[in-house]
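Student: Let me give you the structure first, and then I'll get to my questions.
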Amino acid sequence: MKFRVLILLVFVFFSGCEVLEEFNYVVVNVTGTVVVANYDFDNSKWGDAIEGEVVEMSLIKAGGERVDGTGTTGGGVGQTTIHGTFNLYKEQPIDFKAKLVSNPMVIGSDRVEWEYVDQNRRYGGKNQPDICSVDLYIPLKVPAN
């Protein structure tokens, strides 16, 4: 019996079989976009985009690991972005938070849940984890004059 087990082990070891690594996380590439625009709160109407506003942004995985950045709105559409990559484990969300530097009362947030990542993940390939790309979006409303 021992001889058969030994033969089996030798066969598996020298047969060129590879053990595929199993990953228990998904690599998530996150892009957070903030748009800053005037907003008429009385009539619930958006106004013009605001260029040149400095925005503090954070991408936060499950309340811990984070990517912080500051951007200035531009591009003719009053927006700025931040990018981050996280190893996301089951049941962990990623939060996106933003606030205006000139008016810290103007804040916003967005979130992606694990369920979305799990449903939209792409196979990572041989010995690579699955991956997912996520776009988060925050419109910051500045009171119109």
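Laboratory data are not the source of any read-out in this text; all were calculated from the coordinates shown. Treat the numbers as computed from the prediction; the structure is a model and nothing was measured. Here Cβ is always computed from backbone atoms with ideal geometry, including for glycine, and neighbour counts include all displayed protein chains.
Student: Taking 0.36 nm per intervening residue step and subtracting the Cα-Cα distance, what contour gain separates Asn43 from Glu115 on full extension?
Tutor: Full extension from Asn43 to Glu115 adds 22.3 nm.
Student: Could you run the Karplus curve 6.51 cos²θ - 1.76 cosθ + 1.60 with θ = phi - 60° over the range 109-117 and give me ³J(HN,Hα) per residue in whole Hz, x for Gly and Pro?
Tutor: 8, 8, 8, 10, 8, 4, 4, 5, 4
Student: Let me ask another. For the chain, which longest stretch is free of loop sites, where a loop site is one of the trypsin sites (Lys or Arg not before Pro) that DSSP puts outside H, G, I, E and B and that has at most 15 other Cβ atoms within 10 Å?
Tutor: Free of exposed loop sites, the longest segment is 1-89.
Student: Still on this structure, I have one more. Quick one: longest stretch of the chain between exposed loop chymotrypsin sites (Phe, Trp or Tyr not before Pro), exposed meaning at most 16 other C-beta atoms within 10 Å and loop per DSSP?
Tutor: For chymotrypsin sites (Phe, Trp or Tyr not before Pro) (loop position, at most 16 other Cβ atoms within 10 Å), the longest site-free span of the chain is 42-122.
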